[in-house]
Amino acid sequence: MKYLPSIFHEDEFLADYLSAFETVLVGSANPHLRSLEAIVADIARYFSPKDAPEEFLPWLAGWMAFGLRADLSAGLQRDFMTKVISLYKTRGTLESMTSLLRLFTGAEPTILEGDDLDNKDNADWNVDDGFKDWVADGKPEHAFGVLLSFVDAEGKADKTSPEIGQKLSIASALIDLEKPAHTMFYLVPVFPSLKLPTFSSEGRAAGEVDANARSRIGFDTLLGTRSGTK
């Protein structure tokens, strides 16, 4: 207002009327009212996935030709958008699919292709529905398996977590988006657990030795915590 001719200051009604526009343009003493000048000065923040307002993230994702799922946390949406452009360079490859699954589910993915699908030594694949479904489908050549290993923050099996179903749904949608159109996939959740030696006490008494069973509970392996130790 101070830069306008004096006639705009002398008339009280006109001064009050123009003051409303001045407040919109340059702000006021009220910290809850942001002026257009402040918004324009801060516009660069809207183009940064890490700094943009949460309600602006879906629109920003549209610039990257990717739709965000509503069930993803804001932090996960931001992490993804900071990496999506570099991931586009490898889209449709094993590397890209592995990176996306790890990012969106927090699980460690293992991709099985070719002869690995018929590997009888892979217990995680052979004992679950993935292998059975693959065999039931006639062992299609243009197929692959995805093992997702879930553990919690303490490294324990995360089998009962209510988020597992949601993560598997996200994983299935991601794989379907990333895979070549002519291929099939079989998604199998894996929950790591403690595996003890396979020989019975009778077998050990007979001198049988399990070469992979090298841990001795109470000596070099501890289950739980010992009271009185620091």
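Overall, region 1-134 carries a charge dipole of about 380 debye about its Cα centre when +1 sits on the Cβ of Lys and Arg and -1 on the Cβ of Asp and Glu, all other atoms neutral.
Taking 0.36 nm per residue of separation and subtracting the Cα-Cα distance, full extension of the segment from residue 89 to residue 12 would add 21.5 nm. Maximal additional length on extending the residue 55-residue 39 stretch stands at 4.2 nm, based on 0.36 nm per residue less the C-alpha distance.
Pop the C-beta distance of residue 177 and residue 129 into the FRET formula with R0 = 25 Å and round what comes out to the nearest 0.05. Approximately 0.65, to the nearest 0.05.
The numbers here are math on the coordinates, done by the rules we state, and not lab data. Bear in mind that the values here come from a model prediction, so they are computed numbers and not experimental data. Reconstructed Cβ throughout: ideal geometry from the backbone, glycine too, with neighbour counts over all protein chains shown.
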